[in-house]
Structures are given as structure tokens and as C-alpha cells.
Amino acid sequence: MINIPVITKRELGAYFLSPIAYIVLTAFALMHGILFSLQVGPSMDLQAASRYALALPIYLLALAAPALTMRLFSEEIRSGTIETLMTAPVTETEVVLGKFLGALIFSAVMFTPIMAEIVFLRLLGPWDVGPVLSGFLGLFLLTAQILAIGLLCSALSRMQIASAIINFAILIGLYFLWILGRGQTAAWARLLRYAAPPWHYLSFTRGVVDTRDLAYYVVSTGALLFLSVRALQLRKWR
Amino acid sequence: MRTDPTPRWKTLTRAGIALGLLLACAGFVLRDISARAFVERDIVSTGLWLGGALLIGLGVILNFRALLGALRSTRTAEQINFAVVLVLALAIAGLLCYISTRRFWRMDWTGAGQHRLHSQTVNILKNLDRDVLAATIYSSGQPGDFYIKGRIADLLEELKSRTPHIETMYLDLDSPGTQQRLRKLLQERLHIDNVPCPSVVFATEARHETVLFENLVESSRGPQGSLNVFKGESAFAGALVKLTEEKRATLYALTGHGEKSFEPAPPASRPGQARGIAGDPARSMSRALKALKNAYYEVKPLDLAAVGKVPDDCDALVLAGPHAPLSEGEMKAIRAYLDERKGAALFLLDSRITPHVKTNMAELLSAYGIEPHEEAVGVSLQLVLDAVGVRQSPQPMVLVDPQQMANHPATKDLEAQHILLQDPCPLRVRPETAPENLRPLALLKGRTESWGESDLDAARKNKATYEPDKDMEGPVVVGAVVEPRPSLSQSPGAETPSGPRIVALGGSESFLNYSVESVPGNLYLLLNCVNWAAGKVQMLGIPPKTMEINVVSVSGGALRASRYIFMGGIPGLIVVLGVVVWLIRRR
């Protein structure tokens with residue numbers, strides 16, 4: 001596992017030197033900023049506004065995550081550098097975890113505008129910080145899961161665009177499950193809701209940290225990363 | 001050598017395997033949906049399984065050789081390996097997630113404990129020994145209902161996290177197909193024809209309790225102004241207690257001496273006796289009655305002079321501010337109830353600042369170590385606004401000091417409540433006059449600057465001043481309890497010894513509708529005291545929660561700043577950074 005920080009650093013360097021990263025960062029900050037500013041009015045509920053600021057990334061992540069993860073493996077596979085990487089004294093697990101952590105840290109940078117908005121709301125008046133802290137925990141877990149999905153798509157695809165499209169389609173599908181299951185109480189609806197990442201995130205924004213939601217994110221992220229490792233191993237056999 | 005192309009029908013049979021799998025899965029899903037929707041679809045499900053199995057079987061038989069060949073290739077082996085790993089990983093992940101849904105707990109990170117259950121609710125849930133269905137019936141078309149439904153769902157999730165005995169169901173009447181499910185629920189589970197909407201129905205196999213949405217939210221005035229409180233937890237805990245308790249506790253409210261009425265209508269009184277103050281809804285205790293009914297009490301009037309004794313089914317006797325003396329027979333009956341039958345009584349004691357008050361409560365209570373001084377009144381300095389400006393004025397009311405509250409079950413979790421007792425009769429606690437087996441205790445006191453004023457005229461005119469030789473020294477005691485004294489050999493935490501339980505609170509005015517509407521803490525105090533006296537310790541102190549609304553006014557400057565920073569400043573900064581990096585790399 002000693003190679004993980006090296007790979008993470010390499011990935012972060014690649015991110016911050018590529019124009020796509022700045023395009024994603026700018027687009028995220030602009031869209032989040034516009035949607036947040038529309039919510040700020042002459043009279044506002046600070047608690048609700050902080051919850052809103054934290055709920056916005058649910059939708060924006062579906063657009064940003066494919067752009068962030070599409071190149072992680074697809075680019076290496078297409079350019080052939082994957083062979084070099086795989087023959088280096090690093091394990092597939094280290095490669096996957098290193099790239100995953102790089103993407104996760106980059107996402108944390110992407111969320112800086114949200115922190116600025118929270119600070120702005122704090123300056124307007126006192127309110128309960130607990131739900132914001134739990135909201136950030138939830139956001140971290142949600143992002144990790146969405147990035148893990150993107151990582152798997154990238155590991156299975158040779159083309160960046162294909163990887164991004166598949167990733168986007170999967171995320172839209174998962175979000176659609178949430179919409180389908182919302183308000184319904186039948187078993188199938190509960191199952192659909194359970195499978196949808198945003199549904200688990202909302203309780204975090206209300207200040208509730210539920211072990212069911214924690215388990216869902218941790219287990220699903222772990223499973224997706226494991227599958228990414230297996231997908232890389234499968235490629236090695238060929 | 002050229003091989004013959006695969007016939008089209010044979011290719012289709014391969015697709016048949018996939019179709020068969022799909023049909024079999026559809027059979028399972030349909031059966032589950034049918035079960036939840038209380039609809040019989042077993043024939044269709046079985047048909048789908050059989051059809052699916054037939055298609056799979058036929059496909060496998062017809063393509064046996066091709067399947068065998070495919071299975072032998074390396075590529076297929078790799079794919080099967082990955083597929084097996086995928087299935088196993090998903091199965092393990094699913095299993096872990098399933099386990100996490102069966103055994104889970106929730107952590108509340110809000111500062112005010114918005115999503116935290118009270119210890120009494122947790123106790124009720126721990127002792128819940130039967131399955132309870134909590135069906136929330138609402139209409140999503142009503143915005144108010146939808147908002148409260150969110151709070152209810154959150155609370156029910158919290159209850160579910162503490163016990164496996166609660167199952168939830170949500171019926172949105174605006175959703176298609178709900179009417180059928182509701183009919184099925186009413187017929188098969190609740191055995192009734194109709195249920196009010198919006199409401200939450202808690203049902204066991206034998207009984208059900210309905211909590212209306214309108215009883216869950218209350219607007220009240222507190223120290224910080226008007227705010228909405230959510231009373232879901234106490235209402236749901238009450239409903240669960242009702243479902244599990246065998247019988248309602250019975251309170252008897254003494255009548256015939258000008259006591260406050262629990263009912264809005266005037267109580268019957270015998271000729272020549274003082275009438276109850278009733279008729280005006282604001283001056284009745286009907287809100288207290290409603291709260292007591294919600295806590296599974298039955299309140300019955302008691303004409304002790306006519307009956308001669310306190311009824312056998314009495315769990316607690318309430319004397320809600322008598323204004324006339326009790327007859328010797330009535331006194332004897334109450335003493336017999338308390339001493340011989342180890343009964344419980346709640347005394348709401350008025351001062352003579354209220355005209356025509358002259359009782360013999362002192363005679364009755366002093367035997368238990370509590371001395372009410374109705375010839376005086378509790379006075380404290382209150383901030384008032386008049387023509388002169390804001391000043392301190394001595395008012396005949398006492399704001400209970402939370403720091404001075406006795407550590408007693410009757411005051412459990414009331415520290416955060418605003419309790420203001422009006423025209424309270426000052427009390428003195430004298431342990432030396434109480435029987436050895438009883439322990440009198442000062443329960444509630446005013447702040448240090450409060451006192452017991454003996455000049456009632458001055459108190460009426462808000463001109464009272466403390467005179468050490470005439471008045472009762474502060475902080476004035478406005479609430480006291482008498483309870484059985486635990487023996488020295490009794491281990492800590494052991495069951496409370498049997499004996500009379502008495503609560504005396506100053507000022508029956510404090511519990512009238514108009515009073516508890518503006519000071520809800522008074523009502524929670526009353527409920528706590530009744531619960532303690534009646535021995536319903538599991539119902540003690542479940543205060544409501546304020547709705548988390550923190551509205552502020554945002555200045556024009558702040559509005560503009562937010563737009564400049566978040567729509568221009570931050571995105572612009574990132575663009576600049578990107579350009580700088582691009583320029584550096586270009587060099």
C-alpha cells in the first residue's frame with residue numbers, strides 16, 4: 001500500500017495540469033453559485049439555506065463525476081500506458097485506490113465554493129452547525145460512491161467518451177430509481193429508493209447520521225472499487 | 001471447411017434463455033408487489049415462473065452443444081469468472097446492506113437534538129412487546145400535510161431504529177391505488193370503516209390508536225417570541241402506551257368548592273355551593289383535559305360530599321383550586337384515601353388574592369409537611385413596559401427558577417421550559433410535621449428576588465414591597481411534593497416504597513387554557529406531576545421540539561455581495577488559475 005500516495009500525487013498533478021479539470025471546477029462553481037444565489041433573498045431561513053447548499057451537489061455531481069473519472073483508466077488503456085503501469089511494481093489494488101483517492105481529493109477542492117457559501121450564511125446569523133458537518137460527511141460518502149462508479153466504467157472501457165456516457169447513463173438511471181420510488185411505499189419502491197444514492201444523502205443534510213446510510217455508501221463504494229480491481233486483473237489476463 | 005450458419009430459430013432459442021430468466025424474475029417481483037398491495041396474483045406469478053423455466057429449459061436443450069463449446073473457451077472462462085465475482089460481490093454487498101437495515105442506529109448531530117428520542121420514549125420502546133403498525137394517512141396535495149409527514153417519517157424512523165416491533169406504512173390518498181390499500185388496511189387490520197385524514201394510526205392485532213396531524217403541531221409563545229413546536233414524540237409515545245396498557249388511568253377532579261373546570265361547560269353543583277368557574281373556554285382546563293386524555297387518562301368529576309369516599313378506581317385525585325372549605329366528611333374521605341389506601345393527590349392552591357378564597361387546605365396538607373399560606377401570594381419582580389418606560393414591577397406571579405428545581409421525577413426535563421405560576425399560594429415545607437414514613441420536598445421555587453407577600457391589596461395593585469417581619473422570605477416555594485421516604489436499608493434504584501403521593505402547586509390560574517396557551521411549560525409541569533402522582537413514570541417529561549426555522553433579514557449589501565462572490569468571484573478565480581497554469585505549461 002506504500003505506492004498509493006505516489007499514484008494519488010501523480011493523479012492530482014495530472015488533474016491540475018489538465019484544462020478539463022479547470023473547466024469542471026469553473027462549471028461546478030458557476031452552476032452552484034447561480035443556484036445558491038437565486039435562493040438568497042431579503043428574508044431567508046439560514047438552516048434551510050445551508051441544507052439547500054448541501055443538497056445541490058446531488059444533481060451537479062451527476063454531470064461532474066463522469067468528466068472527472070472518464071480518463072482515469074480509459075486514457076491509460078487507449079494510450080497503452082496501462083501496460084507500463086501494470087508491469088511496474090504496483091498492485092492493481094494500489095493503482096485503483098491511488099486513482100480513486102486522487103479523484104476524491106480533487107472533488108474536495110471542487111466543493112470549496114460550498115464551504116464559502118456556508119461561511120457566508122454563518123456571517124448572516126447563528127444557526128446549527130451540526131447538520132452542516134453531517135451534510136459534508138454525507139457529501140464525502142456520496143462523492144466517493146459516484147466516483148467509484150465512474151472508476152469502474154473507466155476500467156471497463158477503452159474510450160473516454162464511452163466511459164463518460166456509460167457513467168452518466170448509470171448515474172441518471174440510479175437517480176431515476178429515486179424519483180420512481182419517491183412517495184411510494186410498496187416493497188419494490190423501497191428497494192428502488194434504497195438503491196438510489198441521493199436518497200441516503202438527504203438524511204445527512206438534516207443532521208441525521210444513520211448507520212444504514214453509512215453501510216450503503218461504504219459497502220457499495222468498497223464493492224465498486226473491488227470490481228474495478230477485478231476488471232484490471234481481467235485485462236491483465238488477456 | 002465451411003460450417004453451416006446457425007439457423008435463425010436456433011438463435012432465437014438463445015434469446016429465449018434470457019427471456020425465460022426475465023419472466024422468472026418478473027414472477028418474483030409481481031408476487032412481492034401483490035403481497036404489499038394486498039392483491040392476489042399467485043396464478044400470474046406461478047405462470048410467469050413456469051413459462052420462464054420452460055423457455056430456459058428449451059433454450060438450454062436446443063443449444064446444449066453451443067453452450068458447452070462456449071463454456072470451454074478461455075474468453076468465456078474469463079467472462080464467467082468476472083460475472084461470478086460480480087455476482088458474489090453484489091451478493092455480499094447486498095447481504096451487508098440488508099443486515100445494516102435490520103440492525104441500525106441513528107446519530108443526531110443537531111445541536112438541539114431535533115432527531116433525538118427522549119429517554120422515556122426509549123424506555124417505552126424497550127418495553128414494547130408486540131408488533132405495532134404505524135400507518136400514516138395523508139394527502140401529498142396539501143403542502144402543510146406534506147411537511148408534517150416529513151417530520152413524522154423522520155420520527156417513525158427514529159422509533160424503528162430502537163425496536164424491531166414497529167412497522168411503518170405511508171398511504172398518500174393522492175396517489176393512485178392507495179384507496180384500495182387503505183380499504184384493505186381498514187378491513188383486515190383495523191376492523192373499522194373509516195379513519196380520519198391526515199392522521200397516524202398505530203395498530204396492534206387487537207387495538208388501534210389514531211393521532212391526528214392537527215394535534216402534532218402547536219404554535220406557542222415562548223421567551224423568544226412565537227414559534228411552532230412539534231409534539232410528535234409525546235403523541236406517539238402516548239399512543240404506544242395506550243396500545244400496550246390494559247386500562248386507562250382514572251383521575252377524579254373534586255367539584256363543589258369552586259374548583260376550576262376541566263370541561264368548557266359548567267359542572268353540575270349542588271344548590272348553595274360555590275359554582276365552578278366555567279363557560280368561558282379560556283377559563284377552563286379543557287386543554288389540560290385533552291393532554292391528559294392523550295396520555296391515556298380518564299378524568300371524572302367527583303362530588304365527594306355526595307359519594308362519601310374516593311372511588312376505588314381512582315389513580316389520582318385532583319383538587320383544581322378549591323375556593324371554599326371542604327366539609328369534615330370530605331376531609332376525612334381524602335385523608336382515608338391518602339393514608340389508608342396510599343392514594344395520590346394533586347392540589348392546585350390559590351391565594352386569597354383571588355376574591356372569596358377561603359379554604360381549609362392548610363389543615364389538610366400540614367399533616368403531610370406542606371404548609372400553604374393562602375393569606376399571602378407569591379410575588380416576583382417582572383419587567384413591564386409602561387408610559388415611564390421599561391421598569392421592574394412586583395407582580396403576583398412567580399417565574400420558576402430552573403436552577404432551583406428539585407431533582408425529582410415530577411420536574412424531569414422541565415429545566416428548559418418556561419414555567420410561570422400566576423397568583424400562586426406560597427408554600428412552606430416542614431419535614432418535622434410530616435409522618436416519619438413520608439418525605440416532603442420543595443419542588444419549585446422562584447428566583448431569589450421573589451417572596452411571599454402578605455399585603456394582598458398592595459400585590460393586587462402591583463405595589464408590593466418586601467417587609468422582612470411580615471412577608472415570607474424568598475425564594476418563594478410554589479411547588480412541593482410528599483412521597484414515601486425510602487428506608488435506610490433500601491438499595492439505590494429499588495422500587496419506590498408504597499405510600500401516599502402528594503403534589504401541591506401554587507396557582508390554579510396557571511393551568512387554565514389562556515395560561516397554558518401562552519406558557520406551555522405550565523401544561524408540561526401539570527402533566528409531569530399527574531404522571532408522577534398516578535405512577536405512570538414511563539410518561540414523564542417528553543417535551544415537544546421546536547421547528548428548526550431560523551429566518552433572518554438579509555441586507556441589500558449582503559445580497560449583492562453573495563451574487564458577486566458566488567456567481568462571479570469564485571468561478572472567475574478558478575478561470576484565472578486555469579489560465580495561469582496553462583501559461584506556465586506553455587512556456
Residue list for the stretch A:27-56, filter: at the interface with chain B (Cβ under 8 Å from one of its Cβ atoms) and of a type outside the set (A, V, I, L, M, F, W, C): A:32, A:33, A:37, A:41, A:42, A:43, A:45, A:47
Out of (1) at the interface with chain A (Cβ under 9 Å from one of its Cβ atoms); (2) assigned to a helix (DSSP H, G or I); (3) at pLDDT 85 or above, what's the single condition that is false for residue B:101? (3)
Please verify whether the stretch B:32-47 includes one or more residues that are modelled with pLDDT of 85 or more and surrounded by 13 or more Cβ atoms within 10 Å (Cβ to Cβ). yes
Looking only at residues in the stretch A:110-120 that are over 17 Å from the mean Cα position of the chain (by Cα) and more than 9 Å from chain B (Cβ to nearest Cβ), which one is surrounded by the fewest Cβ atoms within 10 Å (Cβ to Cβ)? A:119
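Report yes if some residue within the stretch B:457-464 is in a loop (DSSP other than H, G, I, E, B), touching a residue at least 40 places away in the same chain (Cβ under 8 Å) and surrounded by fewer than 17 Cβ atoms within 10 Å (Cβ to Cβ); otherwise report no.
Going through the stretch B:457-464, the residues in a loop (DSSP other than H, G, I, E, B) turn out to be B:461-464.
Next, from what is left, pick out any that are touching a residue at least 40 places away in the same chain (Cβ under 8 Å): B:462-464.
Then drop every residue that is not surrounded by fewer than 17 Cβ atoms within 10 Å (Cβ to Cβ), which leaves B:462-463.
Checking the stretch B:457-464: at least one residue is in a loop (DSSP other than H, G, I, E, B), touching a residue at least 40 places away in the same chain (Cβ under 8 Å) and surrounded by fewer than 17 Cβ atoms within 10 Å (Cβ to Cβ).
Is at least one residue of the stretch B:180-201 of a type in the set (S, T, N, Q) and within 13 Å of chain A (Cβ to nearest Cβ)?
If we filter the stretch B:180-201 for residues that are of a type in the set (S, T, N, Q), which is where we start, we get B:180, B:187, B:194, B:199.
Now narrow it down to the ones that are within 13 Å of chain A (Cβ to nearest Cβ): B:180.
Checked against the condition, which is being of a type in the set (S, T, N, Q) and within 13 Å of chain A (Cβ to nearest Cβ), the stretch B:180-201 yields at least one hit.
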Spot the failing condition for residue A:94; the list is (1) at pLDDT below 90; (2) surrounded by fewer than 23 Cβ atoms within 10 Å (Cβ to Cβ), and only one is missed. (1)
Apart from one, (1) closer than 30 Å to residue A:133 by Cβ; (2) outside the structural domain of residue B:174 (by TED's automatic domain parsing); (3) free of Cβ contacts under 8 Å to residues at least 60 places away in the same chain; (4) of a type outside the set (S, T, N, Q) all hold for residue B:112; the odd one out is (3)
Does residue B:562 fit the bill of being over 20 Å from residue B:483 (Cβ atoms), at pLDDT 85 or above and in the same structural domain as residue B:259 (by TED's automatic domain parsing)? no
Exactly one condition in (1) surrounded by 15 or more Cβ atoms within 10 Å (Cβ to Cβ); (2) more than 10 Å from every other protein chain (Cβ to nearest Cβ); (3) in a loop (DSSP other than H, G, I, E, B) is false for residue B:122; which is it? (3)
Using the structure shown, decide if residue B:103 is touching a His at 6+ places or on another chain (Cβ under 8 Å) and either loosely packed, with under 13 Cβ neighbours inside 10 Å or closer than 24 Å to residue A:205 by Cα (or both). no
Touching a residue at least 40 places away in the same chain (Cβ under 8 Å), farther than 21 Å from residue A:229 by Cβ, away from chain B (no Cβ under 11 Å) and not small (Gly, Ala, Ser) - does that describe any residue in the stretch A:18-26? no
In the set B:106, B:130, the lone residue that is more than 25 Å from residue B:195 (Cα to Cα) and charged (D, E, K, R) is B:106
In the stretch B:160-186, the residues that are within 21 Å of residue B:117 (Cβ to Cβ) and assigned to a loop (DSSP other than H, G, I, E, B): B:161, B:162, B:163, B:164, B:165
Any chance the stretch A:133-143 includes a residue that's of a type in the set (Phe, Trp, Tyr), more than 13 Å from chain B (Cβ to nearest Cβ), in contact (Cβ under 8 Å) with a residue 40 or more places away in the chain and within 17 Å of residue A:217 (Cα to Cα)? no
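State whether the residues of the stretch A:66-75 include one that is free of Cβ contacts under 8 Å to residues at least 24 places away in the same chain and either under 18 Å from the mean Cα position of the chain (by Cα) or more than 19 Å from residue A:157 (Cα to Cα) (or both).
no
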Hey, residue B:117 hits all of (1) in contact (Cβ under 8 Å) with a residue 24 or more places away in the chain; (2) surrounded by 15 or more Cβ atoms within 10 Å (Cβ to Cβ); (3) over 51 Å from the mean Cα position of the chain (by Cα) but one; which does it fall short on? (3)
Find all pairs meeting these conditions: Cβ atoms under 6 angstrom apart; at least six residues apart or on different chains; first residue within the stretch B:150-162 and in contact (Cβ under 8 Å) with a residue 12 or more places away in the chain; second residue among the polar types (S, T, N, Q). B:152/B:136; B:156/B:168
Considering the stretch A:16-35 alone, what residues qualify as being modelled with pLDDT under 90 and crowded, with 18+ Cβ neighbours inside 10 Å? A:21
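The values are calculated or read from the model by the stated rules, or taken from the named source; none is laboratory data. From a predicted model like this one, the values you see are computed outputs, not experimental measurements. Please note: Cβ atoms are built from the backbone with ideal geometry, for glycine as well, and neighbour counts cover all protein chains shown.
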